[in-house]
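Quick notes on the structure that follows.
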Protein chains: 2
Amino acid sequence: MNVLVTGAGGFVAPHVANAFRDAGDTVRTTDARPVEADSNSITADFTDAEQADRLMDGIDVVCHLGGVGDVYLALDHPEEAALANVVGTANLLNAAKSSGVSKFIYTSTWEVYGEPEYQPLDEKHRCEPDHPYGITKLAGERIALSYDALKGQPVVALRLGTAYGTGMRPNSVFSIFMDKARRGESLTVQGSGAQARQFTHVSDIAQAFLLAAESDVRGEVMNIVAQESISIRQLAELVAEEIPTKIEQVPARTGDVASATVNSEKAGKLIGWQAKVDFRTGLKALIHHHLDSSQ
Amino acid sequence: MNVLVTGAGGFVAPHVANAFRDAGDTVRTTDARPVEADSNSITADFTDAEQADRLMDGIDVVCHLGGVGDVYLALDHPEEAALANVVGTANLLNAAKSSGVSKFIYTSTWEVYGEPEYQPLDEKHRCEPDHPYGITKLAGERIALSYDALKGQPVVALRLGTAYGTGMRPNSVFSIFMDKARRGESLTVQGSGAQARQFTHVSDIAQAFLLAAESDVRGEVMNIVAQESISIRQLAELVAEEIPTKIEQVPARTGDVASATVNSEKAGKLIGWQAKVDFRTGLKALIHHHLDSSQ
């Protein structure tokens with residue numbers, strides 16, 4: 001298969017690209033900015049329709065991970081998030097449809113659900129995001145699925161859990177904790193630290209794209225979230241176990257998304273996905289990789 | 001009050017502008033294209049942030065009716081609908097927030113609900129649009145409400161029913177029926193013709209904007225839909241009563257939104273709105289205006 005992976009400068013996309021390469025597929029990567037670690041990445045801005053078109057030649061499968069993925073950027077600039085996550089997605093879908101792409105995989109997020117009515121959240125739960133990040137990701141998801149239902153373009157949407165693993169952004173809580181611990185500074189936990197996430201290892205997420213590309217499933221949305229819930233305080237404690245340092249509490253930020261548990265059984269049934277990396281194992285490997293690479 | 005009305009070249013906006021003028025307010029109108037019937041309308045494209053900014057000087061209330069309102073255009077070009085309805089809305093909200101606008105009224109639609117779980121639809125019903133028009137209108141609505149909740153910009157969203165009245169677009173079912181009947185051609189009813197709409201007179205809709213602007217209500221979404229349901233077949237029959245002609249059935253189009261009944265009690269409670277124009281009265285007046293103006 002010829003696979004296009006957007007958002008190559010982000011954290012998750014390179015892992016997705018590598019998973020397809022490891023499976024013997026040919027991968028084209030792209031990002032709006034040059035990607036230091038990937039000199040073959042095509043610099044193109046898919047918020048421009050013509051640039052989106054030019055990416056699609058000969059492509060069988062699109063893994064669309066590009067867009068505004070930083071929740072604080074989306075909060076400060078909802079117009080940028082809307083342009084990248086909604087308009088840009090529609091441009092890529094138009095290009096995919098014209099060039100006969102057999103599967104378009106849209107990267108959504110568990111943050112589309114908003115306030116839980118019941119937990120764990122499954123795909124039938126209502127989606128009522130109140131944050132510009134979730135709002136624009138959900139709109140992009142729905143636009144993508146409308147191309148499947150109304151225009152015949154096969155689409156699958158994956159609602160990812162919070163990913164972790166090597167290559168995380170320096171502003172992720174993992175990177176911040178590891179950097180602070182290494183410098184002997186206290187780890188700061190916002191609010192009570194009880195807010196939990198089902199951190200999902202990036203290799204498990206990459207596998208979900210591969211399984212979605214290889215299956216006949218279309219017109220479906222699936223949660224791709226590991227089962228285990230870890231609170232921010234637990235994360236701080238686990239980091240401090242590996243790199244001893246203190247933990248300190250500070251006030252919560254506006255616009256942070258509250259905890260919720262998410263169920264990924266549908267992805268198990270439809271594409272045979274399940275998370276394989278246990279959190280403590282994944283975190284230890286990440287910390288040791290971080291310590292090795294920053295020496 | 002100084003009121004900005006966007007979408008001045010559309011059908012509903014001029015009625016909203018006139019309602020504020022009649023109440024003694026000063027109104028600035030704008031559209032992306034010059035407006036033949038309104039030489040004072042400022043030609044500006046709010047999908048460009050700077051142009052959005054320039055509209056906002058001295059404005060107290062924004063009635064944001066601009067954007068892609070044609071469902072077939074939105075279906076053919078979701079990227080244009082997303083740019084106008086989501087990015088453009090965010091640009092106007094940024095401009096409104098910076099210049100201290102006291103109320104931003106976003107024009108949403110009953111079509112944001114999608115498949116009804118119960119009827120009549122109230123504002124607590126889940127929103128799951130599957131058509132690019134409803135998807136982008138809902139994203140714009142949620143972005144607008146996020147400015148109220150997260151950024152302190154007072155916002156109200158009005159989910160309008162299908163509006164009718166003088167000045168309707170030539171591609172509205174009303175205009176098509178009246179034109180055909182006048183030429184002695186058959187009125188074509190798509191599908192069974194049983195799909196119904198709570199057609200809402202444009203003067204009632206204009207009043208809702210005035211009431212929303214004058215009230216202290218913010219952070220709320222309200223249905224603005226007349227109670228009476230009229231099927232497309234009934235509409236054809238009522239037109240044919242006034243301008244005698246035949247009625248003919250043709251197959252349904254893809255992407256049409258199914259019938260649903262909508263409840264507007266919340267707008268009654270919060271801002272004292274209710275529809276005052278009875279459908280038959282409103283339709284007869286429209287038909288006679290149409291016949292007079294096309295002689």
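The values are calculated or read from the model by the stated rules, or taken from the named source; none is laboratory data. All values reported here derive from a predicted model rather than from experimental measurement. Every residue, glycine among them, receives a Cβ derived from its backbone with ideal geometry; neighbour counts consider all protein chains shown.
Regarding B:Ala212, is this residue touching a residue at least 40 places away in the same chain (Cβ under 8 Å) and outside the structural domain of B:Val101 (by TED's automatic domain parsing)? So B:Ala212 does not fit the description; no.
On the basis of being touching a residue at least 40 places away in the same chain (Cβ under 8 Å), within 14 Å of another protein chain (Cβ to nearest Cβ) and crowded, with 23+ Cβ neighbours inside 10 Å, does A:Thr136 make the cut? Considered against the rule, which asks whether it is touching a residue at least 40 places away in the same chain (Cβ under 8 Å), within 14 Å of another protein chain (Cβ to nearest Cβ) and crowded, with 23+ Cβ neighbours inside 10 Å, A:Thr136 comes out as yes.
Return yes or no: is B:Tyr164 within 10 Å of chain A (Cβ to nearest Cβ) and hydroxyl-bearing (Ser, Thr, Tyr)? Full working, then the answer.
Details: within 10 Å of chain A (Cβ to nearest Cβ): no; hydroxyl-bearing (Ser, Thr, Tyr): yes.
In short, no.
Just to be sure, is A:Arg159 in the same structural domain as A:Val101 (by TED's automatic domain parsing), in a loop (DSSP other than H, G, I, E, B), touching a residue at least 40 places away in the same chain (Cβ under 8 Å) and within 22 Å of A:Val5 (Cβ to Cβ)?
Working: in the same structural domain as A:Val101 (by TED's automatic domain parsing): yes; in a loop (DSSP other than H, G, I, E, B): no; touching a residue at least 40 places away in the same chain (Cβ under 8 Å): yes; within 22 Å of A:Val5 (Cβ to Cβ): yes.
Answer is no for this residue.
Right, B:Leu286: in contact with a Gly (Cβ under 7 Å, 6 or more places away or on another chain) and either under 21 Å from B:Met168 (Cβ atoms) or among the hydrophobic types (A, V, I, L, M, F, W, C) (or both) or not? So B:Leu286 fits the description; yes. When the residues of segment A:41-93 are filtered to those that are of a type in the set (Asp, Glu) and more than 10 Å from every other protein chain (Cβ to nearest Cβ), the one that is nearest to the chain's Cα centre (by Cα) is A:Asp70. Pull out all pairs, ordered by first then second residue, where Cβ-Cβ is under 7 Å, the residues are six or more apart or on different chains, the first lies in segment A:141-153 and is at the interface with chain B (Cβ under 10 Å from one of its Cβ atoms) and under 20 Å from A:Ala84 (Cα atoms), and the second is in a helix (DSSP H, G or I) and of a type in the set (S, T, N, Q). Sorted first by the residue in segment A:141-153, then by its partner, the pairs are A:Ile143/A:Thr89; A:Ala144/A:Thr89. For A:Met178, the conditions (1) farther than 19 Å from A:Ala19 by Cα; (2) assigned to a loop (DSSP other than H, G, I, E, B); (3) in contact with a His (Cβ under 9 Å, 6 or more places away or on another chain) are fulfilled apart from (2). Look at B:Glu117 and say whether it is surrounded by fewer than 24 Cβ atoms within 10 Å (Cβ to Cβ), acidic (Asp, Glu) and within 10 Å of another protein chain (Cβ to nearest Cβ). Yes: the conditions hold for B:Glu117. Per the conditions (1) assigned to a strand (DSSP E or B); (2) crowded, with 22+ Cβ neighbours inside 10 Å; (3) more than 14 Å from every other protein chain (Cβ to nearest Cβ), the sole criterion not satisfied by B:Ala208 is (1).
Yes or no, residue by residue, for (1) crowded, with 17+ Cβ neighbours inside 10 Å; (2) of a type in the set (Gly, Ala, Ser); (3) under 21 Å from A:Ile205 (Cβ atoms):
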site	(1), (2), (3)
A:Gly7	yes, yes, yes
A:Ala13	yes, yes, yes
A:Arg21	no, no, yes
A:Gly67	yes, yes, yes
A:Asp76	no, no, no
A:Phe104	yes, no, yes
A:Trp110	yes, no, yes
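Please work out if A:Glu141 is modelled with pLDDT under 95 and on the phi < 0 side of the Ramachandran plot. Considered against the rule, which asks whether it is modelled with pLDDT under 95 and on the phi < 0 side of the Ramachandran plot, A:Glu141 comes out as no.
Of the residues in segment B:211-220, how many are assigned to a helix (DSSP H, G or I) and more than 17 Å from the chain's Cα centre (by Cα)? Let's see the steps before the verdict.
Keep residues of segment B:211-220 that are assigned to a helix (DSSP H, G or I), which gives B:211-214.
Adding the requirement that they be more than 17 Å from the chain's Cα centre (by Cα) leaves B:214.
Residues meeting the conditions: 1.
When you scan segment A:170-183, do you find a residue that is within 14 Å of chain B (Cβ to nearest Cβ) and either more than 23 Å from A:Pro14 (Cα to Cα) or under 15 Å from the mean Cα position of the chain (by Cα) (or both), even just one? No - not one qualifying residue is present in segment A:170-183. The number of residues in segment B:168-194 being in contact with a helix residue (DSSP H, G or I) (Cβ under 7 Å, 6 or more places away or on another chain) and crowded, with 18+ Cβ neighbours inside 10 Å comes to 9.
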